[in-house]
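Undergrad: Please see the structure below; I have some questions.
The values are calculated or read from the model by the stated rules, or taken from the named source; none is laboratory data. Predicted model only: the values in this text are computed from it and were never measured. Please note: Cβ atoms are built from the backbone with ideal geometry, for glycine as well, and neighbour counts cover all protein chains shown. What goes into the accessible areas is simple: the full protein's heavy atoms, side chains included, and nothing from ligands, DNA or RNA. Shrake-Rupley method; radii C 1.70, N 1.55, O 1.52, S 1.80 Å.
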Amino acid sequence: MIAETIPQIFRATVNRYGERVAFRKKDLGLWHDYSWAEYDRLTRFVASALIARGLQKGDRVAIIGDNCPEWVIIDMAVLCAGGVASGIYATNAWQQVEYVINHSEAKFFFVENEEQLDKWLHFRNQAPHLEKVIVWDLEGLRQFRDQLVLTFDALLKEGRQYYEEHPKALEERIMDLQPHDLAMLIYTSGTTGPPKGAMLTHANMIWMGRAIKTDLSIFDTDEIMSFLPLCHVFEQLFSVMGHIYAGYIVNFIESPDTVADNMIEISPTVGHAVPRVWEKYYSAVVIRMSDATWFKRLVFKIAYKIGNKRAGLLMNFKPIPWYLRASYLLSDLVVFRKLKERLGFDRMRFAISGAAPIAPDVLRFFQAIGVNLIEGYGQTEGTGVTCVSRIGRVKFGTVGPPLTGIEVKIAADGEILVKSPGVFAGYFKNPEATRETVIDGWLHSGDVGEIDAGGFIKITDRKKDIIVTAGGKNITPQYIENKLKASPYINDAVVIGDRRKYLTSLIMIDEDNVMKFAQDHKIQFSTYRDLTISPDIKQLIQGEIDQVNTTIARVEQIKKFTILPKKLYEEDGEVTPTMKVKRKHVNEAFYDLIEAMYRN
């Protein structure tokens with residue numbers, strides 16, 4: 001029988017791997033293994049408990065918490081029981097949690113710990129569809145009692161009993177599932193308004209899992225590190241779908257604060273992260289090298305020059321002469337290999353940057369030091385991936401060709417249109433938005449791009465973000481912002497200039513690197529705000545902007561800038577959980593600062 005639903009794929013993988021390790025999770029300083037058989041056993045019990053408590057096919061179940069085995073087990077159990085899983089960002093404020101719970105009409109709500117339970121308590125009486133809240137980490141909650149709250153252990157006990165008494169109930173539910181049935185609701189980040197629930201079917205997810213395994217050559221011998229939010233489609237593809245398709249090991253981080261340390265411990269063979277993570281690693285290396293002895297700086301400079309030249313040839317599909325290959329091998333032996341070991345990248349066959357555009361200089365840097373970082377492109381509405389560079393076929397300035405089986409074309413206005421089995425079933429309870437997004441079977445991405453003669457796709461900007469200056473010039477701010485973010489001292493940038501005479505930028509400094517610069521140069525400061533108003537720091541940032549201005553056309557150059565006096569936070573509505581700046585919100589919140597740059 002051909003597996004057509006996610007539970008069927010999961011069961012086939014469990015039968016194939018049995019006692020082999022599926023997950024690892026660090027607890028109290030030790031890594032603990034979960035076998036595929038254990039994954040299956042716990043999933044059966046949770047699914048059976050949900051069925052016993054009245055979960056019907058198509059009912060929604062919400063999950064909130066940091067990455068851990070329980071999150072994925074619950075997710076798979078919901079699907080096996082015929083339900084629809086809906087993840088919520090662990091960093092969301094209670095008002096955002098309430099919105100998703102009520103919009104999705106969730107029947108059950110799984111929460112990780114006391115912090116997440118507290119969010120539910122704020123709207124406890126305003127969630128009419130919610131029947132039960134289940135908590136899996138009881139630290140601080142041992143004495144807590146509420147008629148709507150159940151512990152995860154108690155649920156497992158219920159599920160085990162029901163499964164033993166009704167062994168066919170779960171199997172019948174799994175066999176009743178069809179490929180077109182809804183599998184999950186993934187709520188978009190909401191950069192332009194309230195989040196929308198993208199409906200992804202079993203067929204969507206299965207097709208994408210198969211496609212990424214085929215086009216990226218992921219094997220059961222690989223290991224990944226799970227640390228991006230599991231409610232985001234990017235992490236779902238690696239920690240859930242790719243996992244059950246390829247059978248590799250998923251290593252869960254201890255906490256969001258231990259990513260760098262866990263990376264060194266695990267040394268994954270396949271990496272995946274959003275651009276902000278890769279940019280942080282890049283800036284850390286740059287700053288570390290600036291502190292090194294003159295000899296180490298010289299050796300790194302020579303090695304990097306060799307690596308950069310090799311990367312340039314590789315990323316333009318040109319042959320590498322023998323002497324450059326030999327020079328690179330020596331550079332890798334002396335410099336890059338040790339650097340990759342310190343970062344935890346020494347076993348990495350390839351790594352993917354996705355969910356947002358990455359600065360080209362950052363991508364080239366990793367290619368130069370021998371980390372095969374490739375860029376992927378897609379959106380939730382296309383089940384995560386539309387294009388990705390293949391291993392050994394990374395073309396500079398592009399996001400690669402479409403996945404096998406995906407059609408891409410460019411509309412008259414430059415918008416990227418996508419047709420594939422991964423195109424979603426629409427927005428939950430929002431047919432109007434669905435009609436605007438999928439027209440005649442083509443997903444309108446909202447991104448502007450180009451396709452070259454080799455079929456490689458280049459993303460130029462978001463359609464709604466393109467700036468038209470007072471002189472009538474079309475400017476793609478994303479291109480300029482990515483160049484600015486390549487600076488180790490600039491964490492983010494928002495280019496302003498629509499209907500204006502010239503371009504300006506709001507700059508968010510990199511606190512750690514700017515603080516170190518201030519300490520090294522004996523610049524007095526007490527707070528983050530002190531750094532943002534320091535004349536010396538403004539001069540530092542001006543120098544970084546001047547460097548970028550020399551690489552772009554005059555009309556694209558930044559004439560003035562302002563360092564924002566505060567850090568941007570998700571809870572303030574300024575950035576998404578994947579750290580993308582909400583441009584509209586920032587423009588409104590800092591309107592006075594923007595206007596001041598155009599008064600003189």
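Undergrad: Looking at VAL250, VAL270, which one is touching an Asp or Glu at 6+ places or on another chain (Cβ under 6 Å), crowded, with 20+ Cβ neighbours inside 10 Å and not hydroxyl-bearing (Ser, Thr, Tyr)?
TA: VAL270
Undergrad: Also: Based on what the data block shows, is SER48 closer than 15 Å to GLU235 by Cβ, open to solvent by less than 10 Å² (accessible area, probe 1.4 Å) and polar (S, T, N, Q)?
TA: no
Undergrad: Given (1) more than 19 Å from GLY209 (Cβ to Cβ); (2) modelled with pLDDT of 90 or more; (3) part of a loop (DSSP other than H, G, I, E, B); (4) under 22 Å from the mean Cα position of the chain (by Cα), where does ALA425 come up short, assuming only one miss?
TA: (1)
Undergrad: Which residue is farthest from PHE350 (Cα to Cα), if the candidates are limited to segment 169-222 and must be surrounded by fewer than 22 Cβ atoms within 10 Å (Cβ to Cβ) and among the polar types (S, T, N, Q)?
TA: GLN178
Undergrad: Take ASP592 and decide whether it is at pLDDT 90 or above, among the charged types (D, E, K, R), open to solvent by 70 Å² or more (accessible area, probe 1.4 Å) and not in a loop (DSSP other than H, G, I, E, B).
TA: no
Undergrad: Which of the residues belonging to segment 293-313 are more than 17 Å from LYS340 (Cα to Cα) and either open to solvent by less than 70 Å² (accessible area, probe 1.4 Å) or touching a residue at least 60 places away in the same chain (Cβ under 8 Å) (or both)?
TA: ARG310, GLY312, LEU313 - these are the residues of segment 293-313 that are more than 17 Å from LYS340 (Cα to Cα) and either open to solvent by less than 70 Å² (accessible area, probe 1.4 Å) or touching a residue at least 60 places away in the same chain (Cβ under 8 Å) (or both).
Undergrad: Looking at the structure I just gave you, is LYS119 among the basic types (Lys, Arg), crowded, with 20+ Cβ neighbours inside 10 Å and out of contact with any Pro (no Cβ under 9 Å at 6 or more places or on another chain)?
TA: Yes; evaluated as a whole, the condition is true for this residue.
Undergrad: Filter segment 531-580 for residues that are open to solvent by 70 Å² or more (accessible area, probe 1.4 Å), closer than 24 Å to PRO360 by Cα and of a type in the set (Val, Ile, Thr); which is farthest from the chain's Cα centre (by Cα)?
TA: By that ranking, first place goes to THR550.
Undergrad: Also, quick follow-up: Do you know which residues across segment 428-438 are surrounded by fewer than 18 Cβ atoms within 10 Å (Cβ to Cβ) and part of a loop (DSSP other than H, G, I, E, B)?
TA: Selection gives LYS429, ASN430.
Undergrad: Same structure, new question: Just give me the residues in segment 365-421 being surrounded by 20 or more Cβ atoms within 10 Å (Cβ to Cβ), in contact (Cβ under 8 Å) with a residue 40 or more places away in the chain and in a strand (DSSP E or B), in sequence order.
TA: LEU373, TYR377, CYS387, VAL388, PRO402, VAL408, ILE416
Undergrad: For GLN116, work out the one condition from (1) assigned to a strand (DSSP E or B); (2) within 20 Å of ALA154 (Cα to Cα) it doesn't fulfil.
TA: It fails just one condition, (1).
Residues checked against (1) in contact with a strand residue (DSSP E or B) (Cβ under 8 Å, 6 or more places away or on another chain); (2) not aliphatic (A, V, I, L, M):
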position	(1), (2)
ARG53	yes, yes
PRO69	yes, yes
VAL78	yes, no
ALA90	yes, no
LYS107	yes, yes
GLU112	yes, yes
ASP118	no, yes
HIS122	no, yes
TRP136	yes, yes
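Undergrad: Taking PHE238 as the residue in question, decide whether it is without any contact (Cβ under 8 Å) to a residue 40 or more places away in the chain and crowded, with 23+ Cβ neighbours inside 10 Å.
TA: yes
Undergrad: Let me ask something else about it. Filtering segment 439-458 down to residues that are open to solvent by 40 Å² or more (accessible area, probe 1.4 Å) and not small (Gly, Ala, Ser), which residue is farthest from the chain's Cα centre (by Cα)?
TA: ASP440
Residue-by-condition table, conditions (1) of a type in the set (Val, Ile, Thr); (2) crowded, with 19+ Cβ neighbours inside 10 Å; (3) in a strand (DSSP E or B):
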site	(1), (2), (3)
ASP461	no, yes, yes
LYS464	no, no, no
ALA470	no, no, no
ASN482	no, yes, no
VAL495	yes, yes, yes
ARG499	no, no, no
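Undergrad: Right, here's the next one. Could you tell me whether any residue of segment 390-397 is farther than 22 Å from MET205 by Cα and modelled with pLDDT of 90 or more?
TA: Within segment 390-397, none of the residues are farther than 22 Å from MET205 by Cα and modelled with pLDDT of 90 or more.
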